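Peer 1: To start, I am sharing the structure in question, which I have written as structure tokens.
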Amino acid sequence: MILAVAEHRRGELRDVSLELLAAGRGVADALGTELHVAVVSGDVERYAGELNREGVDAVHTVAHGEEFNHDVYVQALAALAGDLDPGVLLVPHTVNGLDYAPALSSRVDYPLVTDAVDLRVDDGTLAVDREMYGSKVETTIELPADRALVTVRPAEWSTAEGAGDAAVEAFDAPIDESAVRSRVTGYEEVAGGDIDIGEADVLVSVGRGIGEEENLDIVHDLAEALDATVSASRPVVDNGWLPKNRQVGQSGKVVTPDVYIAIGISGAVQHVAGMKGADTVVAINNDPSAPIFDIADYGIVDDLFDVVPALTEQFR
């Protein structure tokens with residue numbers, strides 16, 4: 001059996017939870033086994049309904065607390081794993097997932113591999129692909145498919161679709177309250193937290209080729225014409241021209257918009273790691289050998305100061 005652990009925050013199920021279902025279903029099919037999902041804390045009945053997608057065989061709920069808590073998650077999931085004895089545990093590669101996955105791995109004695117970008121099964125062995133050295137090298141780690149814990153990178157799989165008819169089972173996890181040493185008292189938004197580029201359907205992203213901060217006006221004009229959100233590569237953020245929450249890339253945010261327009265972005269591997277999941281990529285760059293064209297669906301080799309205003313006029 002494959003057991004995927006869903007994630008929620010502030011009352012909302014996160015997209016990576018549904019991506020885990022797609023990843024888990026692929027592994028389950030390759031092994032000829034079932035896919036189960038666990039959700040801990042919060043409105044577990046509502047979350048269970050959202051997780052009951054096609055391909056899910058069972059949803060397990062643990063009603064304890066409202067928000068993520070390291071000690072609760074480790075105890076609850078260790079107990080559930082002991083009851084179900086899954087072959088593979090899948091956890092989101094997120095701040096929360098990385099918080100409890102190592103402790104859970106130690107508790108249940110499963111080898112841990114983090115930040116998976118692909119999963120395959122070959123003769124009873126689970127092959128986990130992960131990137132290293134700033135996404136310049138991809139490595140494969142092999143684990144026994146009957147005993148492995150893997151954290152899965154968000155935005156590498158599509159979300160599971162279609163309503164399912166899985167059984168929803170409440171699990172009464174034995175939580176030792178004396179071992180719960182922390183609690184969530186609230187959330188504080190970081191500066192610029194009003195914009196979440198990860199939720200945007202269309203992103204107009206700007207890079208070093210814009211030259212100067214004053215030139216960003218043409219990018220904002222295009223975004224307004226498209227009803228899009230402005231994002232950026234690291235040099236623009238490092239110069240202070242846009243806030244950190246607008247940065248796309250390995251040291252920024254992973255995004256999966258319907259359309260990603262890269263303006264004056266060369267396409268370094270660190271940036272591509274954050275946007276390669278976009279459905280359609282449009283690149284505008286005056287350098288025909290820029291790496292961004294290797295992944296672009298549409299490319300315009302020309303001066304962005306001519307192209308961007310022309311596009312804005314057309315869309316208006």
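The values are calculated or read from the model by the stated rules, or taken from the named source; none is laboratory data. From a predicted model like this one, the values you see are computed outputs, not experimental measurements. Backbone-built Cβ (ideal geometry, glycine too); neighbour counts: all protein chains shown.
Peer 1: Among the residues of the range 214-245, which ones are closer than 15 Å to Val202 by Cβ and surrounded by fewer than 16 Cβ atoms within 10 Å (Cβ to Cβ)?
Peer 2: His220, Glu224, Ala225, Asp227
Peer 1: Run Ser106 past the list (1) touching a residue at least 40 places away in the same chain (Cβ under 8 Å); (2) surrounded by fewer than 18 Cβ atoms within 10 Å (Cβ to Cβ); (3) not β-branched (Val, Ile, Thr) and report the number of the one that doesn't hold.
Peer 2: (1)
Peer 1: Among the residues of the range 238-251, is any in contact with a Gly (Cβ under 7 Å, 6 or more places away or on another chain), on the phi > 0 side of the Ramachandran plot and not assigned by TED's automatic domain parsing to the domain that holds Asp115?
Peer 2: Yes: the range 238-251 contains one or more residues that are in contact with a Gly (Cβ under 7 Å, 6 or more places away or on another chain), on the phi > 0 side of the Ramachandran plot and not assigned by TED's automatic domain parsing to the domain that holds Asp115.
Peer 1: Show the residue pairs that are 6+ apart or on different chains and have beta-carbon atoms under 9 Å apart, the first residue being within the range 219-235 and under 17 Å from Val272 (Cα atoms), the second being in a strand (DSSP E or B) and of a type in the set (Lys, Arg).
Peer 2: Ser231/Lys253
Peer 1: Still on this structure, I have one more. Output the strands (runs of 3 or more DSSP E) that fall wholly within the range 42-134 and possess 1 or more residues being in contact with a helix residue (DSSP H, G or I) (Cβ under 9 Å, 6 or more places away or on another chain) and within 25 Å of Glu177 (Cβ to Cβ), or say none.
Peer 2: Output list reads 58-62, 88-92.
Peer 1: Of all residues in the range 143-173 being surrounded by fewer than 15 Cβ atoms within 10 Å (Cβ to Cβ) and at pLDDT 95 or above, which is nearest to Ala30 (Cα to Cα)?
Peer 2: The extreme case among them is Glu169.
Peer 1: Can you run down the residue pairs with Cβ atoms below 8 Å, 6 or more apart or on separate chains, where the first is in the range 25-49 and without any contact (Cβ under 8 Å) to a residue 40 or more places away in the chain and outside the structural domain of Glu7 (by TED's automatic domain parsing) and the partner is charged (D, E, K, R) and outside any strand (DSSP E or B)?
Peer 2: none
Peer 1: Let me ask another. Quick check on my filter: what residues within the range 268-295 are among the hydrophobic types (A, V, I, L, M, F, W, C), surrounded by 18 or more Cβ atoms within 10 Å (Cβ to Cβ) and part of a helix (DSSP H, G or I)?
Peer 2: Val272, Ala273, Met275, Ile292, Phe293
Peer 1: Of the conditions (1) surrounded by 15 or more Cβ atoms within 10 Å (Cβ to Cβ); (2) touching a residue at least 60 places away in the same chain (Cβ under 8 Å); (3) aromatic (Phe, Trp, Tyr), Tyr187 fails just one. Which one is it?
Peer 2: So the condition that Tyr187 fails would be (1).
Peer 1: Only residues that are in a helix (DSSP H, G or I) and in contact with a Phe, Trp or Tyr (Cβ under 7 Å, 6 or more places away or on another chain): list them for the range 5-19, please.
Peer 2: Answer for the range 5-19, where residues must be in a helix (DSSP H, G or I) and in contact with a Phe, Trp or Tyr (Cβ under 7 Å, 6 or more places away or on another chain): just Glu19.
Peer 1: Just one of Leu20, Leu35 is in contact with a Gly (Cβ under 6 Å, 6 or more places away or on another chain), farther than 24 Å from Arg183 by Cα and surrounded by 23 or more Cβ atoms within 10 Å (Cβ to Cβ); which is it?
Peer 2: Working: Leu20 fails: in contact with a Gly (Cβ under 6 Å, 6 or more places away or on another chain).
None of the other options fit; the residue is Leu35.
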